[in-house]
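One structure is given here, and the rest of the page talks about it.
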Amino acid sequence: MMININTSSKKLLETSLDCLIISVFENKLTEDKLFSEVDRKLDGIFKTLVKEKEITGSKGELTLVHTYDKIKPKRVLVVGLGSQESFTSTVSSKISADAIRYIKRKNFSTIGTVIHGSAGYKDLTKELCISLVEGMILGLYSFEKHPQKSNNAEDKHTLNIIIGEFQQPYKKTIEEAINYAKITSEASIFARDLVNQPANLMTPTLLDKESELLATRVSLEYKTFDKSEMEKLKMGALLGVSKGSHEEPKFITLKYMGNPDFPDKIVGLIGKGITFDSGGISIKPAANMSAMKGDMGGAAAVIASIGAVAQLGIKINVMALIPATENLPGGSATKPGDVLTALNGKTIEVENTDAEGRLILADAISYANQLQLSPLIDIATLTGAIGVALGSVSMGLFSNDDTLAGELIASSESTGEKMWRMPLWDEYKDQNKSTVADIKNTGGRQAGSITAAQFLHEFVGETKWAHLDIASVFMSSKTNGIYNKGATGQPVRTIIKLLSMNDHSLFS
Ligand code: BES
Ligand code: MN
Ligand code: ZN
């Protein structure tokens, strides 16, 4: 489906539309100017519906009313925003998504909408416009790239959406917000598509191809190391994981220099790129193993984020590093008990071949340190344990830097991609001690996400660093708000938001 989103200075009530979306806060119905104006023109139908308690303004309530040519729009969809006190940009994007999905089911084509919740607050208009647009684009998403599906008819339907009724002096702000939100939601969708793709159609080689195409499209510097170059660089941990598969591993790098005045200040983004995780010799149970085609969710997020940062032309330097491989139990696979040597010379006892994410990240982090990238942010579907701790509501955030952690949390609060900071106390390091090597790759049953993060920490050293364990949130089990069943594209919008607030000291 094609979606066009534009502004218009013409009043929405005087625009020919299949449907006009207006929204109201609970208990504030009569205070909304547009709601009252439409009510007058429709001879008081809203008043009746309010009296009958069919329109209350409660969160997510949808009421469709026909206008019988009394105004230009053929219909009005009244959307409830819930209480004004609990209204946030996250609520706004969820409601926008639910409303536009309803519109899609009805097959309407030309839609007008207000910026939900913006009436009372002038300054929030930009943020609320971003969440409106992101909500609509993400809410309409479904995974369509099934080259293997013979009846894969493309949805040729076009939805034209006009955003109007904002405070007039803000037209430029609104246009900037629309542009920003289109880029961030397209980036989230790009990440979702990569994750939803079956593993035989998203091998390390194909992920590399996608990265190269993106690099050409948005002008990124691109370089990928193949196996022989990894051997030269001594990426023993990544190579160790790749040994059980016939697919060649790739170490993909993308670079965007948006701030050439400070060429040495480069933020590092590292994404776990396991294109399929069978567990290796420590093989996983069969049930739900197919979900492990998405074990490159971190890589997808990193690739999509750096692409969007380039499209937005943000004044910042960013480099993305993506170690990509399959984790399979082939005849030459790494075995439990084997010892690998990472790029930085540290030796690792592989107690469990299913703890492969931290192995490939160890080499990528060591390489980032060689390049002196700072701060470093790694994104990884690292542990099932993070879902035990936080459920599917939030990802885990680990950081050795309070400022970086604070900036990430602030960004995530505006996108709704929740993250919760977890501890990195020294006491947890003991669980990773090995008797035969410098460190081992599992820390036992307790605090599984924390010991995984502590493992990464050993390779990070003193560099400012944050680790996002997204295993709890990279997939959604159901369609709800801005999420469709399947990949969520988290935390792409948060990373873009963080990097676009480059007025803080972290990045310069
Ligand atoms: N890719 C998995 C983690 C995962 C689990 C991601 C569920 C998404 C959903 C990771 O490589 C893994 O297998 N981790 C092990 C670690 C253990 C062997 C120490 C785990 O979580 O069980
Ligand atoms: Mn694993
Ligand atoms: Zn994995």
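Values as computed for the structure displayed
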| read-out | value |
| --- | --- |
| Residue pairs meeting the criteria (Cβ under 6 Å; at least 6 apart or on separate chains; first within 16 Å of ligand 2 (Cβ to nearest atom), in region 292-308; second in a helix (DSSP H, G or I) and not charged (D, E, K, R)) | 293/199; 294/195; 297/195 |
| Single match in 332, 290, 305 (criterion: surrounded by fewer than 16 Cβ atoms within 10 Å (Cβ to Cβ) and under 27 Å from residue 489 (Cα atoms)) | 290 |
| Which numbered condition residue 76 misses (of (1) farther than 19 Å from residue 482 by Cα; (2) in contact with an Asp or Glu (Cβ under 6 Å, 6 or more places away or on another chain)) | (2) |
| Residue list for region 240-291, filter: more than 16 Å from ligand 2 (Cβ to nearest atom), within 22 Å of residue 441 (Cα to Cα) and in contact with a Pro (Cβ under 7 Å, 6 or more places away or on another chain) | 250, 251 |
| Tabulated pairs, region 35-56, first hydroxyl-bearing (Ser, Thr, Tyr), second assigned to a loop (DSSP other than H, G, I, E, B), C-beta under 8 angstrom, 6+ apart or interchain | 56/26 |
| Filtered residue count, region 18-31, keeping only those that are more than 34 Å from the chain's Cα centre (by Cα) and either within 16 Å of residue 132 (Cβ to Cβ) or not polar (S, T, N, Q) (or both) | 2 |
| Test: residue in region 345-353 that is within 12 Å of ligand 1 (Cβ to nearest atom), of a type in the set (Asp, Glu) and out of contact with any Leu (no Cβ under 8 Å at 6 or more places or on another chain) | yes |
| Enumeration of residues in region 220-250 that are farther than 16 Å from residue 343 by Cα, surrounded by 17 or more Cβ atoms within 10 Å (Cβ to Cβ) and of a type outside the set (Gly, Ala, Ser) | 220, 222, 224, 243, 247, 248 |
| Qualifying residue in region 265-279 (condition: among the acidic types (Asp, Glu) and either buried (at least 23 other Cβ atoms within 10 Å of the Cβ) or within 14 Å of ligand 3 (Cβ to nearest atom) (or both)) | yes |
| Where residue 451 falls short, out of the listed (1) of a type in the set (S, T, N, Q); (2) closer than 16 Å to residue 361 by Cα; (3) touching a Ser or Thr at 6+ places or on another chain (Cβ under 7 Å) | (3) |
| Residue in region 415-438 that is part of a loop (DSSP other than H, G, I, E, B), among the aromatic types (Phe, Trp, Tyr) and surrounded by fewer than 18 Cβ atoms within 10 Å (Cβ to Cβ) present | yes |
| Total residues in region 37-66, condition assigned to a helix (DSSP H, G or I) and either aliphatic (A, V, I, L, M) or within 38 Å of the chain's Cα centre (by Cα) (or both) | 4 |
| Residue tally, condition surrounded by fewer than 24 Cβ atoms within 10 Å (Cβ to Cβ) and more than 16 Å from ligand 3 (Cβ to nearest atom), over region 467-482 | 6 |
| Strands (runs of 3 or more DSSP E) fully within region 310-407 counting 1 or more residues that are modelled with pLDDT under 95 and either in contact with a Ser or Thr (Cβ under 6 Å, 6 or more places away or on another chain) or on the phi < 0 side of the Ramachandran plot (or both) | none |
| Given (1) loosely packed, with under 15 Cβ neighbours inside 10 Å; (2) touching a residue at least 40 places away in the same chain (Cβ under 8 Å), number of the condition residue 116 does not satisfy | (1) |
| Hits in region 280-300 (condition: more than 10 Å from ligand 3 (Cβ to nearest atom) and either in a loop (DSSP other than H, G, I, E, B) or of a type in the set (A, V, I, L, M) (or both)) | 281, 282, 283, 285, 286, 287, 288, 289, 291, 299, 300 |
| Top-ranked residue in region 256-282 [being of a type outside the set (Gly, Ala, Ser) and either at positive phi or without any contact (Cβ under 8 Å) to a residue 60 or more places away in the chain (or both); ranked as farthest from ligand 1 (Cβ to nearest atom)] | 261 |
| Among (1) under 21 Å from residue 9 (Cα atoms); (2) in a helix (DSSP H, G or I); (3) not aromatic (Phe, Trp, Tyr), the one test that residue 73 misses | (2) |
| Which listed residue, of 446, 454, 490, is in a loop (DSSP other than H, G, I, E, B), buried (at least 24 other Cβ atoms within 10 Å of the Cβ) and either at negative phi or of a type in the set (A, V, I, L, M) (or both) | 490 |
| Selection within region 80-103 - assigned to a helix (DSSP H, G or I) and small (Gly, Ala, Ser) | 89, 92, 93, 96, 97, 99 |
| Qualifying residues in region 292-341 (those that are among the basic types (Lys, Arg) and under 24 Å from the mean Cα position of the chain (by Cα)) - the one farthest from residue 269 (Cα to Cα) | 293 |
| Hits in region 104-125 - residues which are modelled with pLDDT under 95 and either in a strand (DSSP E or B) or hydroxyl-bearing (Ser, Thr, Tyr) (or both) | 118, 121, 125 |
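Listed here are the residues, each with its yes/no results for (1) crowded, with 23+ Cβ neighbours inside 10 Å; (2) touching a Leu at 6+ places or on another chain (Cβ under 9 Å).
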site: 33; (1), (2): no, no
site: 46; (1), (2): yes, yes
site: 71; (1), (2): no, yes
site: 76; (1), (2): yes, yes
site: 83; (1), (2): no, no
site: 89; (1), (2): no, yes
site: 124; (1), (2): no, no
site: 134; (1), (2): yes, no
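Okay, residues lined up against (1) at pLDDT below 95; (2) within 18 Å of the chain's Cα centre (by Cα):
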position	(1), (2)
73	no, no
78	no, no
101	no, no
127	yes, yes
130	no, yes
137	no, yes
143	yes, yes
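The values are calculated or read from the model by the stated rules, or taken from the named source; none is laboratory data. Just so it is clear, the model here is predicted, and its values are computed rather than measured. FYI the Cβ positions are ideal-geometry reconstructions off the backbone, even for glycines, and counts take in every protein chain you see.
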